[in-house]
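Presented below is the structure to which this report refers.
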Amino acid sequence: MSATTLRLFRKTHLYFGLFISPALLFFAFTGAVQTLSLHEVAGSSYKPPAVLAELGQLHKKQTTVMPVRKAPEGGQAHDGGRADHAGAPASAPQPTVTLAGKQRQHLPMKIFFLVVAVGLLTSTATGIYMSYKYERSKLLVTGALVAGLVVPMVLLKF
């Protein structure tokens, strides 16, 4: 491969990587939140902060609009609030959830995916740092990063 082709590949990798890095950081963070089930109701004692529920919804469904769940037939309609991951309204009686038993079953995978999330966060952040450290055009680096932030925010409004 010629030096010109390698240079083109390197620049393409750099700027495309910078453009998608805000999304990578977002998905790594929200993936870790979901791995720990911090975005959903667990039993009757834990209610997630609204921001974590919305970020989880954005990660999974590409929208921040929380679904409105209807009550089972014969019950009253439920017009607000969050639903748990099984689709039951938050106001309906919840079955007892033993998080310790549930976590024990999936603990090795949870640990693996948390390591992946931390690795992705670290790798992306160090890549951004190296882009500023070693690239001559700081304006292009900043432009690619800003575009990677602005484009999804604009698309979210549609």
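Brief remarks on what is shown
- Residue count for the range 144-158, restricted to those that are more than 19 Å from the chain's Cα centre (by Cα) and open to solvent by 40 Å² or more (accessible area, probe 1.4 Å): 1.
- Qualifying residue in the range 17-40 (condition: open to solvent by 80 Å² or more (accessible area, probe 1.4 Å) and more than 17 Å from the chain's Cα centre (by Cα)): no
- The range 128-143 - residue that is assigned to a helix (DSSP H, G or I) and in contact (Cβ under 8 Å) with a residue 12 or more places away in the chain and, of those, most open to solvent (accessible area, probe 1.4 Å): Leu140
The values are calculated or read from the model by the stated rules, or taken from the named source; none is laboratory data. Small disclaimer: the values here were computed from a predicted structure and weren't measured. We place every Cβ from the backbone using ideal geometry, glycine too, and count neighbours over all the protein chains shown. The area values use the complete protein model at the heavy-atom level, side chains included, leaving out ligands, DNA and RNA. Shrake-Rupley method; radii C 1.70, N 1.55, O 1.52, S 1.80 Å.
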